[in-house]
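In what follows, a structure is listed as structure tokens, so that the remarks can point back to it.
The values are calculated or read from the model by the stated rules, or taken from the named source; none is laboratory data. What you see is a predicted model, and the numbers here were worked out from it, not measured in a lab. With ideal geometry, Cβ positions are generated from the backbone for all residues, glycine too; neighbour counts draw on all protein chains shown. These area figures cover heavy atoms from the full protein model, side chains too; ligands, DNA and RNA do not enter into them. Shrake-Rupley method; radii C 1.70, N 1.55, O 1.52, S 1.80 Å.
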Amino acid sequence: MFDPQRGFVDPLLAWHERHGRHDLPWREPDRTPFEILLAEVLLQRTTAEAVAGAYRPFAARYPTPGTIAAAPTEEIEALVAPLGLVKRAAYLRRCASEILAWNSGDVPREHSELVNLHGVGEYTARSVLIHVTGLGIAAVDTNVKRLLSRFFGVTADRDRIAVLADALAPSTRSGDFQHAMLDFAAEVCTAGSPACSSCPVREPCASSEG
Ligand code: SF4
């Protein structure tokens, strides 16, 4: 009988230790909850490669909700302009103001409070919880959905895939597992040309072409 821990989770974690993107600045272990939230909002509909170049000066300039809430929108726009989504400057200011008003400047640690913040959806809320609290859940974006759908041979909507992803997430290493799924989907199980012939989980994969 197939064991998803040994057949999927463990090989992905092992792959990630060797090949994962360990140099992404928002994955540094001393990042604050607000810096993590900033990264997650910047990463919405934007590649990690693009955000990596803009993140350090952005997080250094706005280390707290108070600093971004007090900044002129035009100044924030200038810093996010290289990412191509200028509208996000206003989102971030409003989100920071809500954190100040509703939670005394602390990033909420409850899912229900996170998804109420402006610009924070299901994926962002889950990713913040994983990285800030270590909660043993997963966050499913388009790439993670593709990976899990292919590997398990299921065609399901994102909500059902999210249930599957939560069941797979290790209770003590959910952050590592999340990074592993994201990086693996970006590097190996890509949208256009999955590298099935060299994939470490090709044998149990329901969609292997290798
Ligand atoms: S075998 Fe191919 S389809 Fe399956 S997980 Fe690996 S890269 Fe993706």
Checklist outcome for this item: Residue span Glu187 to Asp159: 0.36 nm per residue of separation minus Cα-Cα distance leaves a gain in nm of 7.7 nm
Item to check | Accessible solvent surface per residue of the chain, calculated while the other protein chains remain in place, 1.4 angstrom probe, Å² | outcome: 50 Å²
Checklist outcome for this item: The extension gain from His22 to Trp102, computed as 0.36 nm times the residue separation minus the Cα-Cα distance, is 25.4 nm
Checklist entry - Among Gly192, Gly66, Gly53, which one shows the biggest mean-square fluctuation in a GNM of the chain, springs joining Cα atoms closer than 10 Å? => result Gly192
Item to check | Label-to-label distance, nm, for residues given as Ala195 and Glu113 (7 Å Cα→Cβ offset) | outcome: 4.2 nm
Checklist outcome for this item: Of the convex hull enclosing the alpha-carbon atoms of the chain, the direction-averaged projected area in nm² is 11.6 nm²
Next on the checklist: Counting only protein heavy atoms and a 1.4 Å probe, tell me what percentage of the stretch 1-114's accessible area is made up of carbon and sulfur.
Outcome noted: 54 percent
Checklist entry - If you wrap the stretch 25-133's Cα atoms in a convex hull and average its projection over all directions, what's the area in nm²? => result 5.9 nm²
Checklist entry - How would you order 140-152, 17-29 from highest to lowest mean count of nearby Cβ atoms within 10 Å? => result 140-152, 17-29
Checklist outcome for this item: Relative to the chain, whose Cα atoms define the longest principal axis, helix 142-152 and its Cα axis are tilted in degrees, nearest 10, by 20 degrees
Checklist entry - Hey, in the GNM for the chain with a 10 angstrom Cα cutoff, which one of Ala169, Ala139, Ala14 fluctuates hardest? => result Ala14
